[in-house]
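Just so you know, all these numbers are worked out from the coordinates, no wet-lab data involved. The structure displayed is predicted, hence computed values, not measured ones. Don't worry about glycine lacking a Cβ; one is built from the backbone with ideal geometry, like all the others, and counts go over all protein chains shown.
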Amino acid sequence: MSRRQSPPVTSQHLTQMWSELNGRYFAGLLPPIDLVWSRRLTSSVGMFVSRRGPRPRLDRDGLRPLTRREIRLSIPLLQQVLQRTEYGEQEIVSTLAHEMIHQWQYDILKRRPNHGANFLRKMTEMNQDGALAITIYHSLQKEVLALARFAWRCRQCGRVYRRQRRTIQPRRHHCGICRGLLQELGPSHVNGHVSIVENRERAPSAVETRMDGQLELAFSPSRI
């Protein structure tokens, strides 16, 4: 039985990183948030998740209900980064900072997190002092592909979707690019070479399932 991976840094250290970044780059305005190390997050290094939009409806008392939000970081991917380079901890900090920009969009700007103009402005501002190296893209293509166990190809446009778990159902889901039918590939095709540009949070081959069964590209707040 393989040994279960431990988080690259402790939860206490991660919370300290968040607090320091909050004070330095967000004037301490970000409210507390759950920081979660995830063993299941394998198509992206980090993700901001919330259960509702940034402006939930008022309840009967005229108050907005509290919404649980969390930042998830990938144990499998960031552990490999920490092992292969002396700058591994800087990658963890920069990934956390990236997700904190999404938290800032959600909690402060009251907007759905995305990689649009306000994200890019904040990212540029935070990178100016040289302590961070926040990007939208990561370079862990080989690591992501190595963790994939299942894959599906669109019969129409050829787009390949890879997953660690069998979460795509061809009878319900369709290609997010052309809405074509999907066909599950055999084991020999799962980790085959494919030329893609990967998002720091989610590769283009990673998609989200909407209620209508379509698959679409997603930003980091993939649950809202």
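Laid out as a table, the results:
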quantity	calculated
Amide proton proximity set for Arg159, modelled H, under 5 Å, gap of 5+	Cys154
Sequence of Asp129, Asp107 once ranked by neighbouring C-beta atoms within 10 Å, starting from the fewest	Asp129, Asp107
Calculated from backbone phi, Karplus (6.51, -1.76, 1.60) coupling profile of the range 173-183 in Hz, x at Gly/Pro	9, 10, 4, x, 8, 10, 6, x, 6, 9, 10
Equivalent ellipsoid dimensions for the range 11-127 as semi-axes, Å, which come from the Cα gyration tensor, largest first	26, 16, 13
